[in-house]
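For reference, the structure discussed in these notes is given below.
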Amino acid sequence: MKVVILAFDRFTDIDVFLPWDLLNRVGKYTKGEWQVQIAATTSHITSVAGLTIPTHADLTTLSDADAVLIASGAGLQGLLKESELLEAARNLNSDTQLLASMCSGSLLLASAGHLTGKRATSYYTREKQLRSYGVEFVSEPFVLASPQIATAAGCMASLDLCRWMISSLLTEELAQKVLREVAPNL
């Protein structure tokens, strides 16, 4: 299984790194049959906090991914009209892939047409913008727009989003095991 996190310059750090960590934890249970990559249009991207990281793949890797998670961040706004990233998002296929978004990443899914007429969420400051794409905004941390598409609002909702991805691609039991690894001791 291959999961790709689609990111860009000026991404929100925690909206890439928390899912990256959670999804990579699956690998120790799947005997090498699980791969997580960060894809972008360039070989390095820089977060809103100024951290520059290498990417693992370009946008061509999206076509054979089992799941694609779209990151969020201030850099996304300039990519919602015509861009290489938007074109890649249009080519995603919710019939054969899981599509997921963190916070404002739902705007890219919406701009690409994947959320038209569906319920979705995003960070609350993006409600009006998300509605402008013909999306029913729902003020909840996690919204399943269809059996193959999910959106999350707020960085901590990445726990719900990753749980959905892992349980959809593998099993609920494995998703629970991964989440227990990061659960606080109460």
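Here, each number is a calculation from the coordinates, and none is a lab measurement. Note that the structure is predicted; figures quoted are calculated from it, not measured. As a convention, Cβ positions derive from the backbone with ideal geometry for all residues, glycine included, and neighbour counts pool all protein chains shown.
When each of 138, 143 is tested for being under 29 Å from residue 84 (Cα atoms), among the hydrophobic types (A, V, I, L, M, F, W, C) and without any contact (Cβ under 8 Å) to a residue 24 or more places away in the chain, the lone residue that passes is 138. Within this structure, residue 112 passes the test of being more than 14 Å from residue 15 (Cβ to Cβ) and among the aliphatic types (A, V, I, L, M). Of the residues making up region 29-44, at least one is under 17 Å from the mean Cα position of the chain (by Cα), surrounded by fewer than 19 Cβ atoms within 10 Å (Cβ to Cβ) and β-branched (Val, Ile, Thr). Of all residues in region 60-109, those that are of a type in the set (Gly, Ala, Ser), crowded, with 16+ Cβ neighbours inside 10 Å, in contact (Cβ under 8 Å) with a residue 12 or more places away in the chain and under 21 Å from residue 48 (Cβ atoms) total 10.
Matching residues to (1) in contact with a helix residue (DSSP H, G or I) (Cβ under 9 Å, 6 or more places away or on another chain); (2) farther than 19 Å from residue 101 by Cβ:
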| residue | (1), (2) |
| --- | --- |
| 11 | yes, no |
| 16 | no, no |
| 21 | yes, no |
| 52 | no, yes |
| 65 | no, no |
| 77 | yes, no |
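Taken together, the residues in region 110-121 that are surrounded by fewer than 17 Cβ atoms within 10 Å (Cβ to Cβ) and either of a type in the set (S, T, N, Q) or without any contact (Cβ under 8 Å) to a residue 24 or more places away in the chain (or both) amount to 3. The set of residues in region 95-116 that are in contact with a helix residue (DSSP H, G or I) (Cβ under 9 Å, 6 or more places away or on another chain) and in a loop (DSSP other than H, G, I, E, B) comprises 97, 103, 104, 112, 113, 114, 115, 116. Given the structure, is residue 167 among the small types (Gly, Ala, Ser), in a helix (DSSP H, G or I) and within 18 Å of the chain's Cα centre (by Cα)? Considered against the rule, which asks whether it is among the small types (Gly, Ala, Ser), in a helix (DSSP H, G or I) and within 18 Å of the chain's Cα centre (by Cα), residue 167 comes out as yes.
Of all residues in region 45-59, count the ones that are closer than 19 Å to residue 89 by Cβ and either surrounded by fewer than 15 Cβ atoms within 10 Å (Cβ to Cβ) or not aliphatic (A, V, I, L, M) (or both).
3
With respect to residue 124, is the statement that it is aromatic (Phe, Trp, Tyr), free of Cβ contacts under 8 Å to residues at least 40 places away in the same chain and crowded, with 17+ Cβ neighbours inside 10 Å true? Criteria not met by residue 124.
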